[in-house]
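The values are calculated or read from the model by the stated rules, or taken from the named source; none is laboratory data. Treat the numbers as computed from the prediction; the structure is a model and nothing was measured. Backbone-built Cβ (ideal geometry, glycine too); neighbour counts: all protein chains shown.
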Amino acid sequence: MRMKEGTTFTAWMQDIRSFIDANMNMPNFEKEMNQLDKGYQAAADVRATYDSWYTDLKNKRRLIPLFAVRALFVFAKVYVSMCLMDQARIAASKLDTLTAGEADYNYYQGKIASARYYLNNILPDTPVLAALIKSEEDSVLTCPEEALIVS
């Protein structure tokens, strides 16, 4: 997010946004594209949260590594979802030229099914992860070590 003053990450996010905008009304994939849009918004929220932390490093430095893994999960799930939807888009166009029983018919059906599964079952937790990050819940850092010792 910070490399080259954020320009690389901004371009990456813009690629995802462009894909969503170009394919939002893809026939038979409206539900999945809506999920991708929600996931993208969660990723944008995480980025905005991290940006705010970097502007207040004196007070927020400890939060950056605390939530890093969750942030990476959000970004990864959104990107994987975009890739799967791109594959599903191509598979749907290929299926239009095939009939059941032809070579590759089942392969393309599988591409569509895997995209649907991921976007409807894995990606929907990204807003929850984004909310956890934004909450700045830091009890793991503030709990005294002595409170965790069992005598």
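Take the residues in the range 94-115 that are in contact with a Phe, Trp or Tyr (Cβ under 9 Å, 6 or more places away or on another chain) and more than 30 Å from Met1 (Cβ to Cβ); name whichever of them is modelled with the highest pLDDT. Explain how you work it out, then say what you get.
So in the range 94-115, the residues in contact with a Phe, Trp or Tyr (Cβ under 9 Å, 6 or more places away or on another chain) come out as 94-95, 98-99, 112, 115.
Of the ones still in play, those that are also more than 30 Å from Met1 (Cβ to Cβ) are 94-95, 98-99, 112.
Values: Lys94: 95, Leu95: 93, Leu98: 85, Thr99: 87, Ile112: 98.
It comes out as Ile112.
Pick from the range 1-26 the residues that are over 15 Å from the mean Cα position of the chain (by Cα) and touching a residue at least 60 places away in the same chain (Cβ under 8 Å): which of them is surrounded by the fewest Cβ atoms within 10 Å (Cβ to Cβ)?
Met26
If the Cβ limit is 8 Å and pairs must be 6+ apart or interchain, which residue in the range 51-62 that is within 20 Å of Phe9 (Cα to Cα) pairs with which residue that is surrounded by fewer than 10 Cβ atoms within 10 Å (Cβ to Cβ) and of a type in the set (Ser, Thr, Tyr)?
No pair meets every condition.
Taking Thr49, is it surrounded by fewer than 18 Cβ atoms within 10 Å (Cβ to Cβ), out of contact with any Phe, Trp or Tyr (no Cβ under 7 Å at 6 or more places or on another chain) and of a type in the set (Val, Ile, Thr)? Talk me through it step by step, then tell me what you get.
Details: surrounded by fewer than 18 Cβ atoms within 10 Å (Cβ to Cβ): no; out of contact with any Phe, Trp or Tyr (no Cβ under 7 Å at 6 or more places or on another chain): yes; of a type in the set (Val, Ile, Thr): yes.
Answer is no for this residue.
Check Arg62 against each of (1) modelled with pLDDT of 95 or more; (2) surrounded by fewer than 15 Cβ atoms within 10 Å (Cβ to Cβ) and name the one condition it does not meet.
All conditions are met except number (1).
Within the range 39-54, which residues are small (Gly, Ala, Ser) and over 15 Å from Pro124 (Cβ atoms)?
Initially, the range 39-54 is screened for residues small (Gly, Ala, Ser), giving 39, 42-44, 48, 52.
Correct list: Ala44, Ala48, Ser52.
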